[in-house]
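K.L.:
First, the structure itself, so that you have it in front of you.
Read-outs throughout are calculated quantities, based only on the coordinates presented, and are distinct from any laboratory measurement. Predicted model only: the values in this text are computed from it and were never measured. With ideal geometry, Cβ positions are generated from the backbone for all residues, glycine too; neighbour counts draw on all protein chains shown.
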Amino acid sequence: MNPLTEKQIRASFLNASRREVTQAVLPDLADLPWDRLDYLGWRDRKAPLSGYVVLELDGGPAGVLLRASPAPTSGRRRKAMCAWCRDLASVEATLYVARRGGASGKAGNTIGTLICEDFSCSRNTRRPPTSSESGDGIEAIADQVVAERIAGLRERSAQFVRDVAATS
């Protein structure tokens with residue numbers, strides 16, 4: 001992912017009001033491993049149920065404001081697979097819901113998906129493959145498995161952002 005400025009990030013949101021964009025607490029952009037990110041995702045420190053995702057779409061940044069489902073009151077969580085990186089072993093996936101863009105979103109329409117709770121998809125896709133994923137572990141096969149994971153993550157996350165932006 002290409003490095004982004006605070007101004008680019010704030011201008012990229014497709015489904016957030018000016019007030020929501022202004023109040024968003026951004027991560028420290030200088031410390032991010034941009035070359036190892038497929039999207040920028042973070043939780044808001046001041047509003048723990050708010051999350052943000054910014055990715056490259058059609059040559060420019062596209063951002064989405066998300067709302068996380070609250071933790072179950074029973075304290076027990078079901079294990080779920082992230083719909084973007086499809087990793088089950090590393091972290092918990094949480095239901096994130098995004099208000100659709102435009103008039104559809106203003107009418108209350110939303111779309112949701114399961115995403116890694118801490119937005120660690122980029123790290124998860126780059127982990128070394130297990131023996132069941134790459135067979136006998138030949139390095140070229142392992143590299144291909146990781147490349148396919150990254151391509152899948154990019155496609156699935158971009159499709160979600162397109163779905164948020166869709167007007168119908």
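K.L.:
Students often get this wrong: which residues of the range 25-69 have the backbone nitrogen under 12 Å from the point 7 angstrom along Cα-to-C-beta of residue 97?
P.N.:
Counting backbone N atoms under 12 Å from the label point, the list is 67-69.
K.L.:
When only alpha-carbon atoms are used, what values of Rg and Dmax, in angstrom, describe the chain?
P.N.:
Rg then Dmax for the chain, in Å: 16.5, 53.
K.L.:
Further question on the same structure: Quick one: net charge around residue 104, please, counting Lys, Arg +1 and Asp, Glu -1 for every other residue with C-beta under 14 Å from its C-beta. Walk me through the numbers before you get to the answer.
P.N.:
Numbers: positive: 99, 100, 106, 162; negative: 163.
Surrounding charge for residue 104 is +3.
K.L.:
Can you list the aspartates and glutamates whose alpha carbon sits under 18 Å from that of residue 46, skipping same-chain ones fewer than 8 residues off?
P.N.:
The qualifying aspartates and glutamates are 6, 20, 28, 117, 118.
K.L.:
Would you kindly state how much longer the chain becomes between residue 25 and residue 88 on full extension, computed as 0.36 nm times their sequence separation minus their alpha carbon distance, in nm to one decimal?
P.N.:
Numbers: separation 63, 0.36 × 63 = 22.68 nm, distance 2.85 nm.
Full extension of this stretch gives 19.8 nm more.
K.L.:
Using just the helices of the chain, give the 222 nm mean residue ellipticity in deg cm²/dmol: DSSP H runs with n ≥ 4 each add -39,500 (n - 2.57), and the total is spread over all residues, rounded to 500.
P.N.:
Working: 6 runs with 53 residues, N = 168.
Estimated from H runs of four or more residues: -9000 deg cm²/dmol.
K.L.:
Turning to a different aspect of this structure: Angle between the Cα long axis of helix 139-165 and the longest principal axis of the chain, 0 to 90 degrees, nearest 10?
P.N.:
The helix 139-165 is inclined about 20 degrees to the chain.
K.L.:
For 79, 106, which order do you get if you count the other beta carbons within 10 Å of each Cβ and list the fewest first? Before the final figure, lay out the partial values.
P.N.:
Values: 79 9, 106 12.
Listing 79, 106 from fewest to most nearby Cβ atoms yields 79, 106.
K.L.:
Next question. Go ahead and collect, in residue order, the members of the range 148-168 whose backbone nitrogen is under 19 Å from a label point 7 Å along the Cα-Cβ direction of residue 81.
P.N.:
148-160
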